[in-house]
Structures are given as structure tokens and as C-alpha cells.
Amino acid sequence: MPANRLAPDIQEDADPGDVLAAERQHLAVSRAALRTMREHARSLSANAAGDWVSQQILQALLDERVEALADHPDAPLFFGRLDRSAGDDLPGTIYVGRRHIHDDRSRPLVIDWRAPVSRAFYQASPAQPMDITRRRRFGYHGGTLTAFEDERLDSADGDAPAASRILTEEIERPRTGPMRDIVATIQPDQDDIVRADLGLTVCVQGAPGTGKTAVGLHRAAYLLFTHREKLARSGVMIVGPNRAFLSYISSVLPALGEIKVEQTTIAGLVGEHAAPEDPAVAALKGDPRMARVLARALWLHVTKPTEGVLYTRGASRFRVADHEVREIVASLRGTTRYGPGRAALAQRLAHAVLVRMEQRGESPDDRVQDAVARSKPVKQVLDAVWPKVTPEQVLFRLLSDAEFLERAAKSDLEPAERELLTWAKPPRSHKSAKWTAADAALLDELADLIERTPSIGHVVVDEAQDLSPMQLRALGRRCRTGSATVLGDLAQGTTPWSTRSWQAVLTHLGRDSGEVTELTLGFRVPREVLDFAARLLPEVAPELAVPRSLRPGAGSLSVRRAAADALPAAVETAVREALAREGSIGVIVPDAAVAALSAALGAAGLEHGVLGPDSTGDHRLLVVPATLAKGLEYDHVIVMEPADIVAAEPRGLARLYVVLTRAVTTLTVVHAHELPAALADR
Ligand SMILES: Nc1ncnc2c1ncn2[C@@H]1O[C@H](COP(=O)(O)OP(=O)(O)OP(=O)(O)O)[C@@H](O)[C@H]1O
């Protein structure tokens with residue numbers, strides 16, 4: 001094989017069977033090379049590192065490398081091939097795959113999909129061939145290469161870009177188990193988002209199933225590849241709506257060779273507090289005005305000094321007058337965070353004492369200054385003027401002391417709002433307080449006002465429309481550099497504080513200049529089902545365009561009415577029909593009906609799991625509470641009693657829109673009560 005041609009020699013006019021055989025051979029060679037790379041990584045010893053700690057670190061890195069080089073039997077090593085005419089020093093033919101694979105002379109057999117040269121696989125078109133003469137896509141069954149499909153881009157013989165069968169089949173492949181990667185079929189507009197610059201805040205509005213989550217995960221993988229060193233230090237984090245969702249997406253990044261990405265929820269980030277709360281109070285606590293109220297509440301703890309410092313050493317007494325202490329405090333107030341401000345005050349008071357010592361001819365050094373800063377007289381002034389406080393103490397005082405709240409709120413909150421915020425029955429102390437999810441964001445804000453929150457290299461936020469301004473601020477301070485990917489759908493907002501505008505989201509994140517991109521083509525939901533669900537849009541998000549689906553899916557929708565007492569039986573029938581077909585089944589029901597329906601299915605001998613906030617949901621048949629369905633998908637979705645789903649919460653129609661858009665192949669709606677008006681007139 002010549003050096004610039006690391007591909008099998010295939011004649012232009014070869015028989016397709018021979019081409020397939022040659023490509024399979026290249027796959028076998030690549031597999032063997034990957035095994036060798038892995039064995040090599042395994043043979044490396046951490047002993048070369050000098051000390052024990054470095055050895056442990058090196059060993060962990062080597063283990064990671066070995067793990068990243070694992071060959072997943074079901075994931076093809078390459079899915080595309082490009083024949084290039086670029087005339088650069090890269091090979092004329094490249095194979096695009098999940099990771100880089102080289103032979104024993106370091107020549108590339110497969111090139112990582114994230115490498116710049118691979119971009120043409122996703123973006124080249126007859127109009128813009130990007131120096132590609134031919135793009136080949138490969139079809140797989142498990143790990144076996146079964147088909148290929150060529151597209152000429154030099155277009156001498158005028159190939160029209162026909163719909164790719166391999167692409168269609170990949171999109172139509174039934175879903176089982178957790179989400180899988182889409183590297184083989186990323187679309188050009190998705191690829192633009194995946195490869196956007198690290199420094200940008202990219203915000204994506206997308207209808208259900210347009211691939212927002214998939215794009216966010218692939219973007220994380222792309223950034224880690226492209227800015228490996230920088231992000232290895234500063235980290236990448238994915239923030240999703242709940243643990244069930246995280247478990248659903250958990251295998252995508254490892255399949256792409258990225259095993260070091262933290263995946264968490266907003267609660268995982270700001271604190272897992274979850275005491276129940278009136279939605280109106282929660283919404284008010286999520287309001288951005290709370291940021292000003294909290295800042296004032298914290299700084300109200302700094303009071304005007306009434307006494308100076310009297311420091312005694314042996315027979316000598318050194319006095320710093322109260323007016324001087326006042327000047328020092330005034331000069332520090334508002335110029336630093338609260339915690340460093342307190343530390344600085346101690347040092348400045350100590351310095352003032354040292355100046356007195358010098359005036360008396362002494363020459364104290366830094367150690368003396370530190371000792372004075374820690375001394376009792378300085379600490380007494382410190383505790384009186386700039387006391388040490390925790391976020392919990394401040395919030396406790398704010399929510400339990402109406403007079404303090406009034407001082408902190410000034411004109412930011414109306415009297416009625418202050419009343420709403422104040423605890424009717426305050427707990428005895430901050431230690432016994434039962435904090436809510438909304439409180440968690442307030443505590444996080446206070447913690448940052450006290451000590452700076454460390455920032456992360458890149459943050460991907462999914463279902464961002466559901467976050468309150470205060471939660472968005474919590475995220476914004478974790479990506480101060482502005483490197484973030486913000487994903488969501490305004491129509492799927494179900495929290496009391498769900499946003500109506502991406503501009504507002506960006507502002508709360510602290511980014512006024514982020515880009516908002518829209519994904520409009522649905523890959524999940526069949527057209528018939530999406531059109532049905534979209535009838536709710538004029539009510540839930542009239543400003544949004546009606547989503548389009550790539551998938552026709554004729555016969556995918558069935559709406560069935562049953563008598564109230566026959567409802568479980570009707571669900572059972574739908575379940576049995578779905579079980580006769582291929583793929584996963586989600587029975588999405590009002591939260592209050594989960595236990596009863598699960599019991600009914602059990603009594604009917606239908607083995608199933610029940611999705612919980614922390615469960616992995618690895619049964620083929622799952623009962624899913626409506627409030628946990630967000631972000632998930634099932635081949636066959638059975639929705640029970642939409643009217644009850646709508647009635648269960650203030651933004652119930654948006655919840656129903658989420659629920660109706662989870663289906664990949666079929667949606668069966670089973671109801672006894674009237675359907676919401678928009679769905680009823682068919
Ligand atoms: N380019 C693609 N090729 C193949 N499948 C794709 C592509 N883009 C998205 N998909 C698939 O479409 C489905 C929906 O994707 P995803 O969950 O990322 O959408 P979403 O926009 O986050 O949806 P939702 O808003 O409903 O949560 C997934 O199964 C995903 O793998």
C-alpha cells in the first residue's frame with residue numbers, strides 16, 4: 001500500500017461484492033490494529049513516574065487510555081469513507097470512525113470523526129464538494145459491515161443527492177435500552193453546532209426529537225477532542241433534568257471514547273434539597289430580583305464599627321481608633337466577595353496595629369502581622385463588624401425575619417411578595433430548616449457572594465427552558481468564560497418559572513451575546529404523531545414554528561376512547577399490541593395513576609418496570625410518570641388519560657405536549673375523559 005493510500009485497492013468498476021469484501025478486510029485490519037494499540041497501552045508501566053502520587057496519577061491515565069481504546073463489538077469502528085482530491089499531505093482516502101486507529105507505523109487506518117479532515121463527511125455536498133470526489137457510507141448489523149452506499153460529489157455524472165437508505169435505516173432503527181450516539185448520521189446543521197468554537201455560548205431552540213440532546217453530547221465529545229489539554233484541566237459538565245434522563249444518556253459519551261465527563265442535574269450542582277413548596281413561592285424565589293435581595297441581605301451583616309482595636313503586647317498597648325476601623329471597612333465593602341473581604345479586614349486591622357508598632361520604633365515582620373490578624377482583639381472587632389456567616393444562616397434570617405427581609409428587599413419586592421417569602425412557621429434554626437429546590441439556588445448564590453465558585457471549562461445544559469433565572473445564574477457562574485451549550489424547547493417548559501425567551505436565558509447566564517440557533521427537523525416522532533401533538537402549540541408556545549418530521553410514519557397514531565372502568569383494560573390491550581412488535585414500550589400516565597396502573601399490569605401478568613427519579617428503567621415495558629418523561633423516547637408510547645395529565649399541574653398542556661412527543665414508531669392515546677379541546681376535533 002503506498003504511504004498516501006491506507007485503504008484497500010479497490011478498482012473503480014469493481015463488483016459491489018468485491019468492494020464489500022475489501023472494505024470488510026479494512027475493518028478487520030483496523031480491528032486488529034486497535035487491539036494492538038490497546039495491548040500497547042496496557043503494557044505501559046506507571047513505574048517510570050518518580051514518586052508514589054505521580055505513579056497513581058499516571059496509572060489512572062493509562063487505565064483511562066486502555067478503557068478508551070476498547071472495541072465495542074456493536075459499534076462499527078468506521079462508518080464512512082472519503083475519497084479526496086485535496087492534494088495536501090493527508091491520505092487520498094480516509095475512513096471516518098469513532099476514534100483514531102493507526103497501524104504499527106503510525107499511519108492512520110481510521111480517522112476520528114472530530115478531526116478537521118472528517119468534517120467534509122458531514123458537510124460536503126455537490127454544491128460544495130470540499131475536495132471530496134466520493135463519500136461512502138457503511139451499513140452495519142451489530143459489528144458486521146453489511147452494506148455501502150456511494151455518493152459522487154465531483155458530480156461529473158450528475159448524481160442527484162438521493163435520500164440515503166443507510167441514513168434512513170439508522171434513523172428508523174428501533175430503540176432499545178439507553179440512547180446511542182449519532183456520529184454516523186450527524187446532519188450539516190447539527191454538525192455546525194457540534195463544531196462551534198469553544199469560547200461561544202451556543203443556544204439551541206429545537207422542537208421535540210430534533211436532536212438537541214444528541215448534539216449537546218456530541219459537542220462535548222468534539223470539544224474534548226479538539227481542546228483536550230485545556231478541558232482535561234478545567235472539565236466538561238452535562239446538566240440534565242433528572243437522574244432517569246442522565247442514565248438514559250449515560251452511554252453515549254463512553255461509546256465515543258469520552259469517559260471523563262461529569263453528568264449531573266441542577267440539584268446535583270446546587271444541592272439536592274427537595275422539600276415541597278407552593279409553586280408561587282418557588283417561582284418568586286427563582287426570580288432574578290432575588291439576586292439583589294440576597295446581596296443586600298449578606299452585606300447587611302457588615303455593620304458600622306463602634307469600637308476600635310486595642311492590642312496589647314507585654315506592657316505596650318497599641319490602639320487603632322474606631323474612625324480608622326470605619327474607614328477600613330468602608331474601603332473594603334463591596335470591593336471583594338464577603339469571605340475574602342473579612343480576611344482582608346483582619347489583615348488591614350493588623351497592618352494598622354503594625355504601623356503603630358513602627359511608630360514606636362519597633363520593626364515587626366510579616367509573622368507579627370499574621371499573629372495580630374489572628375489575635376483576640378482583632379477577632380472581636382471582626383466578629384462584631386464583619387461576622388463569619390454561612391449561606392444557610394443568611395437565608396434562614398431572610399425567610400424567618402420579616403423586618404430583615406424588608407431591609408434587604410428595599411423596593412425590589414412588593415409587600416405581598418415579602419409576605420409570600422416569609423415562612424409561616426419558621427424552623428428553630430438554620431440547622432433544622434428544610435430547604436426546597438428553589439432555596440438551593442438561593443443558597444448557591446449566597447455561597448458565591450461569600451466565596452467565588454470555581455468555573456468549569458464547558459457546560460452543556462439540557463432542557464434549559466425549565467430552569468429559573470436563579471438556577472441559570474448558578475450555571476452561569478460555573479462557566480464564567482462563556483463556554484456553554486444551552487439546549488431546550490420553549491414549548492416544553494413545565495416549571496412555574498419556565499422561560500419564554502432564549503434572550504432572557506442568556507442574560508441570566510450572564511451572556512448577552514450568545515447565538516441562538518434553531519433545529520427544526522425532527523428525527524424521532526413520526527409526522528402523524530408530531531402533527532397531532534403540535535395542535536397544542538398555539539396554546540403552549542404560539543410564537544414557535546410548527547415542527548417538521550423527517551419520518552412519515554403513516555398509521556403511527558391511534559386514539560381510543562374507553563369507559564372509565566375499562567381504561568386499564570384498554571391500556572393492557574395497547575400494551576399487548578406493542579409487545580407483539582419490536583422495540584421499547586413506554587406507558588406514560590398521570591403521576592397519581594402510576595401505582596394503580598402498575599398493579600393492574602402486574603395482575604394481568606405483564607412484566608414491567610416503573611420509572612422512578614433515580615431508576616435506570618431497563619425493562620422493555622416501562623410505566624412512566626408523566627413528569628419524568630421529558631427527554632426520553634420509546635418505540636411505542638401509550639398515553640393514558642391526557643386530561644388528567646393536563647389537570648395535574650399549572651403548565652399541564654406543555655406537559656402533555658412533552659408526553660405526546662416521546663414516540664419513535666407508534667403513539668396510542670387511551671382516554672375515558674374528554675381530550676383537551678385542541679386534540680379532540682380530529
Ligand atoms: N442526525 C441524526 N441521525 C440519527 N438519529 C438522530 C439524529 N439526530 C437525532 N437523532 C435521534 O433522534 C432522537 C431524538 O434526539 P434527541 O433526544 O437528541 O432530541 P431532542 O431534541 O433532545 O428531543 P426532546 O426535546 O424531545 O428531548 C434520538 O433517538 C436521536 O438519536
Listed residues 663, 654, 626; which is in contact with a Phe, Trp or Tyr (Cβ under 9 Å, 6 or more places away or on another chain), of a type in the set (Gly, Ala, Ser), within 16 Å of the ligand (Cβ to nearest atom) and on the phi < 0 side of the Ramachandran plot? 663
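Matching residues to (1) closer than 23 Å to residue 469 by Cα; (2) part of a helix (DSSP H, G or I); (3) free of Cβ contacts under 8 Å to residues at least 60 places away in the same chain; (4) not small (Gly, Ala, Ser):
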| site | (1), (2), (3), (4) |
| --- | --- |
| 284 | yes, yes, no, yes |
| 287 | yes, no, no, yes |
| 291 | yes, yes, no, no |
| 345 | no, yes, yes, yes |
| 363 | no, no, yes, no |
May I ask you to say which residue of 253, 223, 217 is within 13 Å of the ligand (Cβ to nearest atom), under 24 Å from residue 66 (Cα atoms) and either surrounded by fewer than 22 Cβ atoms within 10 Å (Cβ to Cβ) or not hydroxyl-bearing (Ser, Thr, Tyr) (or both)? 217
Just one of 464, 433 is within 16 Å of the ligand (Cβ to nearest atom), among the small types (Gly, Ala, Ser) and buried (at least 18 other Cβ atoms within 10 Å of the Cβ); which is it? 464
Picking from 85, 106, 54, 45, the residue that is modelled with pLDDT of 80 or more and on the phi < 0 side of the Ramachandran plot would be 85
Can residue 583 be described as under 24 Å from residue 247 (Cα atoms), within 16 Å of the ligand (Cβ to nearest atom) and not in a helix (DSSP H, G or I)? yes
Confirm whether residue 574 is out of contact with any Leu (no Cβ under 8 Å at 6 or more places or on another chain), surrounded by fewer than 21 Cβ atoms within 10 Å (Cβ to Cβ), farther than 22 Å from residue 492 by Cβ and not charged (D, E, K, R). no
Scanning for something at pLDDT below 90, under 30 Å from residue 75 (Cβ atoms) and touching a Leu at 6+ places or on another chain (Cβ under 7 Å), does the range 260-279 turn up at least one residue? yes
Could you say whether any residue in the range 587-607 is within 16 Å of the ligand (Cβ to nearest atom) and crowded, with 24+ Cβ neighbours inside 10 Å? yes
For residue 267, indicate whether it is of a type in the set (A, V, I, L, M) and farther than 26 Å from residue 496 by Cβ. no
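Residues are listed down the side, and each one gets a yes or a no for (1) under 14 Å from residue 651 (Cα atoms); (2) outside the structural domain of residue 213 (by TED's automatic domain parsing); (3) within 16 Å of the ligand (Cβ to nearest atom); (4) surrounded by fewer than 21 Cβ atoms within 10 Å (Cβ to Cβ):
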{"site": "484", "(1), (2), (3), (4)": "no, no, no, no"}
{"site": "488", "(1), (2), (3), (4)": "no, no, yes, no"}
{"site": "507", "(1), (2), (3), (4)": "no, no, no, yes"}
{"site": "516", "(1), (2), (3), (4)": "no, no, yes, yes"}
{"site": "533", "(1), (2), (3), (4)": "no, yes, yes, no"}
{"site": "542", "(1), (2), (3), (4)": "no, yes, no, yes"}
{"site": "546", "(1), (2), (3), (4)": "no, yes, yes, yes"}
Going through the range 449-461 in order, the residues found to be touching a residue at least 60 places away in the same chain (Cβ under 8 Å) and either more than 15 Å from the ligand (Cβ to nearest atom) or closer than 20 Å to residue 649 by Cβ (or both) are 449, 450, 451, 452, 455, 456, 457, 458, 459
Of the residues 627, 666, which is touching a residue at least 60 places away in the same chain (Cβ under 8 Å), in contact with a Ser or Thr (Cβ under 9 Å, 6 or more places away or on another chain) and assigned to a helix (DSSP H, G or I)? 627
Could you tell me which residue of the range 150-182 is farthest from the ligand (Cβ to nearest atom), considering only residues that are at pLDDT 85 or above and either not aliphatic (A, V, I, L, M) or not assigned by TED's automatic domain parsing to the domain that holds residue 20 (or both)? 152
Only one of these conditions is not met by residue 598: (1) touching a helix residue (DSSP H, G or I) at 6+ places or on another chain (Cβ under 9 Å); (2) modelled with pLDDT of 95 or more. Which number is it? (1)
Just to be sure I understand, how many residues within the range 183-195 are in contact (Cβ under 8 Å) with a residue 60 or more places away in the chain and either more than 10 Å from the ligand (Cβ to nearest atom) or hydrophobic (A, V, I, L, M, F, W, C) (or both)? 6
Considering the range 44-100, residues that are hydrophobic (A, V, I, L, M, F, W, C) and buried (at least 18 other Cβ atoms within 10 Å of the Cβ), and then whichever is nearest to residue 179 (Cα to Cα), we arrive at 75
I need the full set of residues from the range 534-553 which are closer than 15 Å to residue 501 by Cβ and among the charged types (D, E, K, R), in order please. 543
All strands (runs of 3 or more DSSP E) inside the range 65-117 with 2 or more residues being closer than 14 Å to residue 136 by Cα: 78-84, 93-97
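Using the structure shown, decide if residue 111 is touching a residue at least 12 places away in the same chain (Cβ under 8 Å) and within 16 Å of the ligand (Cβ to nearest atom).
no
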Among the numbered criteria (1) over 29 Å from residue 539 (Cα atoms); (2) surrounded by fewer than 17 Cβ atoms within 10 Å (Cβ to Cβ); (3) touching a helix residue (DSSP H, G or I) at 6+ places or on another chain (Cβ under 7 Å), which one does residue 568 miss? (2)
So, in the range 196-214, exactly how many residues are away from the ligand (no atom under 13 Å from the Cβ) and of a type in the set (Ser, Thr, Tyr)? 1
Would you pick out the residues in the range 430-476 that are in a loop (DSSP other than H, G, I, E, B) and either closer than 21 Å to residue 282 by Cβ or of a type in the set (Ser, Thr, Tyr) (or both)? 430, 432, 433, 434, 435, 453, 455, 462, 463, 467, 468
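Among 500, 524, 511, which is within 26 Å of residue 233 (Cβ to Cβ), among the charged types (D, E, K, R) and either more than 16 Å from the ligand (Cβ to nearest atom) or not in a helix (DSSP H, G or I) (or both)?
511
The values are calculated or read from the model by the stated rules, or taken from the named source; none is laboratory data. For clarity, every value in this text was computed on a predicted model and none was experimentally measured. As a convention, Cβ positions derive from the backbone with ideal geometry for all residues, glycine included, and neighbour counts pool all protein chains shown.
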